[in-house]
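Reviewing the structure listed below.
The values are calculated or read from the model by the stated rules, or taken from the named source; none is laboratory data. Everything numeric in this text was worked out from a predicted model, so none of it was measured. Positions of Cβ are generated from backbone atoms using ideal geometry, with glycine treated the same way; all protein chains shown enter the neighbour counts. Surface areas here come from the heavy atoms of the whole protein model, side chains and all, with no ligands, DNA or RNA. Shrake-Rupley method; radii C 1.70, N 1.55, O 1.52, S 1.80 Å.
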Amino acid sequence: MGLPRRLPFRFGVPVLVAGVAFASLAAAPIHGTVLPLRADGLAIGHDGSPVVVQANSGAEYHEGTSVLSTVGRDEPAWESAAAEQAWFNAGTPPSGAYADMAERAIRDIRLLTDSTGAAIAAPVTAWRHVWPRDAAFVTAALATTGYHYDAALVLSFLAGVAPEDGLWEARYRSDGSGPVSDGRAPQMDGAGWVPWATWLAVESAPDPAHAAAVTRMMAPAVIASADAITASIGDDGLPEPSSDYWERPETEVTIGTVAPMSLGLRSAIALAPGLDVDPEPWRQAALDLEAAIDREFGPHGYPRTAPDGGLDAAVSFLAPPFAPASESVRRAVLATESALRVPNGGHKPGEIWAKDVNVGWTPETAMLALALAGHGDHADARRLLDFLDLHRTGLGALPEKVDASGRPASVAPLGLTGAIVILTLIEMERGVPVVPAVL
């Protein structure tokens, strides 16, 4: 397919170390949901392979590496560490006040990504699969920080599992053998996220040859995805209900579905000159969908479902860098950030979210930070970044959740949160390319 060269060394799929310990729950300082932390993070182990470090281990890294401090200087790990450092130095990661958080997020993304391009969500249990949504954000983070060949590698995995009908499953096995069969229906937002990640990789490409190779490789997946979205648009400009990032069955159309679908169509249209297709059907579908979003969701502050489904962090998907800046979306983002804030300072997914309502979810907090940064509200974005920075694990990994006691919880590192944090910092530092509007 003309995929650009791979880096000379890659880590394999992370492996578990025995005895992952859960966080102690004995001293929660406030009332509310207290959750276990499943791991402190990932590291380069003694033999040079990635290992999962048990929660509350007290482990540390050798400075400036992912190597555990218990690893001697004469062990095989240092060959891997040298390759990691050469890789890290070749990129353009964010600098400034959050450079340490960004560096750990980038290194963790590398450890989560196999040599095949399979970027697993997190390194334990049911998270050891590839979500198209998460992989798209990882691609975007890598592409905008100068790790262009790694971004292409993640896309190559998606190209290998791409459905011919453009209807992406919720998650795929990391060995590339197909979707995880767990009864979940296809999720239409995947058809939006994959074209966007492709467009951003092409837009950020270091040279025309790289851009052309990525476009060729991803053409079947992008075309099928855009065709699937187009076919799903009804006479009212909206698709049928579909699961979105909440990953539950839906009976109403959600903003978490239609916003990425709109993004995917605009991304495919922008890529069309290199796809050898007529984008006019996509253009009309994009205009119809955008008009429906403005008509049905806009007057109510872009809620989860129109007209009164409660505010949802997915309003972020209508903000830069996913779409040109809009004052109405900016107001909705500000209102949503306030409405979804939980006592520990993080954010829940939506106003109607009913489980563990005092737990902060780091992907949603990072999503809102990115939307705030995209609209120039940097002080508010920094407040959310401060929360994420403060609530990392002992090894500096970004967890999935922060529980009511203020402790990092669930899995760590979560690649999705790390990717969105990186995009937020790039947005504040030098700007992330914005997908063009449809004219």
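Within the range 349-362, the residues that satisfy the criterion of being within 24 Å of L318 (Cβ to Cβ) and open to solvent by less than 10 Å² (accessible area, probe 1.4 Å) are P349, G350, G360, T362.
Taking the range 401-420 as the range and being open to solvent by 20 Å² or more (accessible area, probe 1.4 Å) and among the hydrophobic types (A, V, I, L, M, F, W, C) as the test, only L416 passes.
If you go through the range 79-98, how many residues are hydrophobic (A, V, I, L, M, F, W, C), over 27 Å from L384 (Cα atoms) and either free of Cβ contacts under 8 Å to residues at least 24 places away in the same chain or outside any helix (DSSP H, G or I) (or both)?
3
Remark: pairs (first residue in the range 239-251, at pLDDT 95 or above and open to solvent by less than 20 Å² (accessible area, probe 1.4 Å); second residue outside any loop (DSSP other than H, G, I, E, B) and polar (S, T, N, Q); Cβ separation under 6 Å; 6+ apart in sequence or on different chains) = P239/S232; S242/T257; D244/T257. Within the range 315-341, the set of residues being over 17 Å from the mean Cα position of the chain (by Cα), of a type in the set (A, V, I, L, M, F, W, C) and open to solvent by 10 Å² or more (accessible area, probe 1.4 Å) comprises A325, L334, A335, A339.
Kindly list the number of the only condition in (1) farther than 25 Å from A404 by Cα; (2) in contact with a helix residue (DSSP H, G or I) (Cβ under 8 Å, 6 or more places away or on another chain); (3) in a loop (DSSP other than H, G, I, E, B) that fails for G345. Of (1) farther than 25 Å from A404 by Cα; (2) in contact with a helix residue (DSSP H, G or I) (Cβ under 8 Å, 6 or more places away or on another chain); (3) in a loop (DSSP other than H, G, I, E, B), only one is false for G345: (1). Any residue that is closer than 26 Å to F137 by Cβ and among the β-branched types (V, I, T) - is there at least one of those in the range 70-82? No, that holds for no residue. Which residue, of D175, D165, D134, is in contact with a strand residue (DSSP E or B) (Cβ under 8 Å, 6 or more places away or on another chain) and either part of a helix (DSSP H, G or I) or not aliphatic (A, V, I, L, M) (or both)? That would be D134, the only listed residue that is in contact with a strand residue (DSSP E or B) (Cβ under 8 Å, 6 or more places away or on another chain) and either part of a helix (DSSP H, G or I) or not aliphatic (A, V, I, L, M) (or both).
Listed here are the residues, each with its yes/no results for (1) at positive phi; (2) buried (at least 19 other Cβ atoms within 10 Å of the Cβ); (3) without any contact (Cβ under 8 Å) to a residue 40 or more places away in the chain.
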{"position": "V71", "(1), (2), (3)": "no, yes, yes"}
{"position": "D100", "(1), (2), (3)": "no, no, no"}
{"position": "I109", "(1), (2), (3)": "no, yes, no"}
{"position": "T125", "(1), (2), (3)": "yes, no, no"}
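In the range 287-304 there is at least one residue matching the filter, namely being of a type in the set (S, T, Y), crowded, with 22+ Cβ neighbours inside 10 Å, at pLDDT 95 or above and over 20 Å from F137 (Cβ atoms).
For (1) among the hydroxyl-bearing types (S, T, Y); (2) under 16 Å from L35 (Cβ atoms); (3) touching a residue at least 60 places away in the same chain (Cβ under 8 Å), each residue gets a yes or a no:
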residue	(1), (2), (3)
P349	no, yes, yes
D356	no, yes, yes
A379	no, no, no
D389	no, no, yes
A397	no, yes, yes
G406	no, yes, yes
S410	yes, yes, yes
L414	no, yes, yes
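A single entry from G376, G394 fulfils the requirement of being outside any helix (DSSP H, G or I), open to solvent by 10 Å² or more (accessible area, probe 1.4 Å) and on the phi > 0 side of the Ramachandran plot: G376.
Among the candidates T215, T230, the residue that is under 17 Å from A159 (Cβ atoms), open to solvent by 10 Å² or more (accessible area, probe 1.4 Å), of a type in the set (S, T, Y) and in a helix (DSSP H, G or I) is uniquely T215. Of all positions in the range 127-142, none carries a residue that is out of contact with any helix residue (DSSP H, G or I) (no Cβ under 8 Å at 6 or more places or on another chain), hydrophobic (A, V, I, L, M, F, W, C), at pLDDT below 95 and under 25 Å from G394 (Cα atoms). Among the residues of the range 196-214, is any under 24 Å from T305 (Cα atoms) and touching a residue at least 12 places away in the same chain (Cβ under 8 Å)? Yes, that holds for at least one residue.
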